[in-house]
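Encoded as structure tokens, the structure appears first; notes follow it.
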Amino acid sequence: MALQRPKGTQDHLPDGSPKLSRDVQASAFRHVQNTAQRVLERAGAQFINTPLFEEAELVKRGVGGSTDIVRKEMFTVYYFGDHGGYVLRPEGTASIVRAYLQNGLKQLPAPLKLWTHGPMFRAENVQKLRLRQFHQVDYEVLGSEGPLVDAEAIWLMWEVVRELGLTGVRVKLGSIGDPEDREAYNAYLRELFTPQLERLSGDSQDRLTRNPMRILDSKSAEDQALIRELDVRPMLDFLGEEARAHFEAVQRYLSVWDVPFDVDPGIVRGLDYYRRTAWELHHEGIGAKSALGGGGRYDGLAEQLGGAAVPGIGWAFGIERVLGALEAEGAAFPETGGPLLFLAAMDEENVGLAARVALQGRRVARVEFAYRALKPGNAFKEADRRRARLAAIIGSDEAARGVLNVKDLASGEQREVPFAELNTFLAEQV
Ligand code: AMP
């Protein structure tokens, strides 16, 4: 058997491919990226690109040493003259904050809105819509801490999926307070869970010492049963005055802007640098457990990376998950169409001429040509197969007179167009 792609990766395929599904359709990916670009750039976001691999230390500090991502799912990069300290990025936020600090972007007007899209890498147990290389659209706002920035970020995420035509999306909104609120909550959780240590999963026993809040995030059924049994109070009960006012302001904005959301006390982000607003987008079509995307405020991250304090907030959604949700809703996608014009020559000596006329036409529209001489019947068949709207065949008569006989393949209508007027004619058709 020929070589295969690595497990947990996908090829993004052209339209018409025999093994096509939405989550691997290259044009569907582009449609999501283009929609995000339109929505985000209208809000003033600028595109940023960072490397696909980073120092392991950045990811460790940025994502958190106690997370599954860092402990179990990192792809380490080795090369000759081994450095060994690079990893493929598992998410975009740490890289963008690093780039902000390293490149002096603080000098740009705040809030600075940045966005990107691209592949992320996590060595996960592969399932449907849980991949080792997946793709995210990522939006980050740096340099501003007011609740209006948070509400706008959530609105933008909502707006991207709404523009894509998704209807069954729920925003789950929470707050994880300020560091001192979290300390109080962690102390409460420690007190609650320590007598139950034996009943916690191995991972959660570990979390109890490192970061008790992450127990609530556990995927283990026994942990979840224990959490229910103990009737654990939510983080929201522990919000300080300022964090509570911030949370309420975010909710007020969202209500006025008609973004439907549910306050979900179960939203926890256990990392130290997260502050206040946190949310997830869910869709029933891809299963309750897998989020479409998530976001949060991370005012402590820049300092965690060794830089000056810079408030920040951001979100990311998985493009495969969004495509899966669109598929589940039976949403329509814009198809990549065919060329406006397909050109063929009837005899070998005019193949080059047909190509030349096509190259000229490409200044205004998509024009393709046949690479060998075709009989008229075959030329029209070929034009149909390529889903062209117009077709023209160049024979010795057309070549001598410098004209094309352009046929509209839907109506059958024909029209003579001199080579010199082709681009004006094509411009009228697009
Ligand atoms: P996270 O950075 O874990 O909050 O992930 C943000 C979003 O990226 C998730 O809500 C998913 O949509 C997507 N995502 C994360 N991990 C994967 C994965 N292994 N496969 C596909 N999508 C993923």
Q. Considering only DSSP states other than H, G, I, E and B, which trypsin sites (Lys or Arg not before Pro) in the range 342-401 qualify as loop sites with at most 10 other Cβ atoms within 10 Å?
A. Arg372
Q) Mind checking which lysines have their C-alpha under 25 Å from Lys113, skipping anything on the same chain fewer than 8 residues away? A) Lys60, Lys172
Q.
Using only Cα atoms and rounding to the nearest 10 degrees, what angle (0 to 90) does helix 93-102 make with the longest principal axis of the chain?
A. 90 degrees
Q.
Would the range 341-429 count as rounded, prolate or oblate if I go by the C-alpha gyration tensor, calling it rounded below 1.5 in a/c and otherwise prolate when a/b exceeds b/c, oblate otherwise?
A. rounded
Q: Could you tell me how many degrees, from 0 to 90 and to the nearest 10, lie between the Cα long axis of helix 179-193 and the main elongation axis, the longest principal axis, of the Cα atoms of the chain?
A: 70 degrees
**Q.** Sequence ranges 139-150, 230-241, ranked by mean other-Cβ count within 10 angstrom, highest first
**A.** 139-150, 230-241
Q: With a 1.4 Å probe and all protein chains in place, put Phe47, Phe247 in order of accessible area, largest first.
A: Phe47, Phe247
(Q) How far apart, in nanometres, would the label points at Gln127 and Ala420 be if each is projected 7 angstrom from Cα along the Cα-to-Cβ direction? (A) 6.8 nm
Q | Solvent-free Debye scattering, log10 I(q)/I(0), computed from the Cα coordinates of the range 129-218 at q = 0.13, 0.17, 0.21 Å⁻¹ | A | -0.74, -0.97, -1.04
Q: As a check on your grasp of the helix formula, calculate [θ] at 222 nm for the chain: sum -39500 (n - 2.57) over DSSP H runs of n ≥ 4, divide by the residue count, round to the nearest 500.
A: -10500 deg cm²/dmol
Q | Under 19 Å from Lys219, Cα to Cα: aspartates and glutamates that are on another chain or at least 8 residues apart | A | Asp68, Glu73, Glu124, Glu198, Asp203, Asp206, Glu229, Asp231, Asp264, Glu280, Glu284
Q) In degrees between 0 and 90, to the nearest 10, how far off the longest principal axis of the chain does helix 351-361 point, with axes built from Cα atoms? A) 50 degrees
Q | Fully extended contour minus Cα-Cα distance, from Glu284 to Ala221, at 0.36 nm per residue | A | 20.6 nm
(Q) Could you give the length gained by full extension between Arg210 and Glu303, i.e. 0.36 nm per residue of separation minus their alpha carbon distance, to one decimal place? (A) 31.5 nm
Q.
Just want to confirm a number: the relative contact order over the chain, from Cα pairs under 8 angstrom separated by 6+ residues, in percent.
A. 15 percent
Q: Please find the FRET efficiency linking Glu242 to Tyr371, where r is the Cβ-Cβ separation and R0 is fixed at 45 Å, and quote it to the nearest 0.05.
A: 0.05
**Q.** Arg356 paired with Leu52, simple spin-label distance in nm, labels 7 Å along Cα-to-beta-carbon
**A.** 4.2 nm
Q: Could you tell me what percent of the accessible area of the range 341-429 is made up of carbon and sulfur, with a 1.4 Å probe and every protein chain present?
A: 47 percent
Q: Determine which lysines satisfy two conditions relative to Lys19: a Cα distance under 25 Å, and not lying fewer than 8 residues away in the same chain.
A: Lys7, Lys128, Lys381
Q. Accessible area per residue, 1.4 Å probe, Å², for the chain: what's the number?
A. 49 Å²
Q. Based on the alpha-carbon gyration tensor of the range 1-153 and its eigenvalue square roots a ≥ b ≥ c, which shape applies: rounded if a/c is under 1.5, prolate if not and a/b is larger than b/c, or oblate?
A. oblate
Q | Distance between modelled label sites at Ala332 and Asp347, nm, 7 Å Cα→Cβ extension | A | 4.7 nm
(Q) Could you give the length gained by full extension between Ser17 and Glu382, i.e. 0.36 nm per residue of separation minus their alpha carbon distance, to one decimal place? (A) 129.6 nm
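The values are calculated or read from the model by the stated rules, or taken from the named source; none is laboratory data. Small disclaimer: the values here were computed from a predicted structure and weren't measured. Using ideal geometry, Cβ is built from the backbone for each residue, glycine included, and neighbour counts are taken over all protein chains shown. Just so you know, the surface numbers come from the protein's heavy atoms only, side chains and all, with ligands and any DNA or RNA stripped out. Shrake-Rupley method; radii C 1.70, N 1.55, O 1.52, S 1.80 Å.
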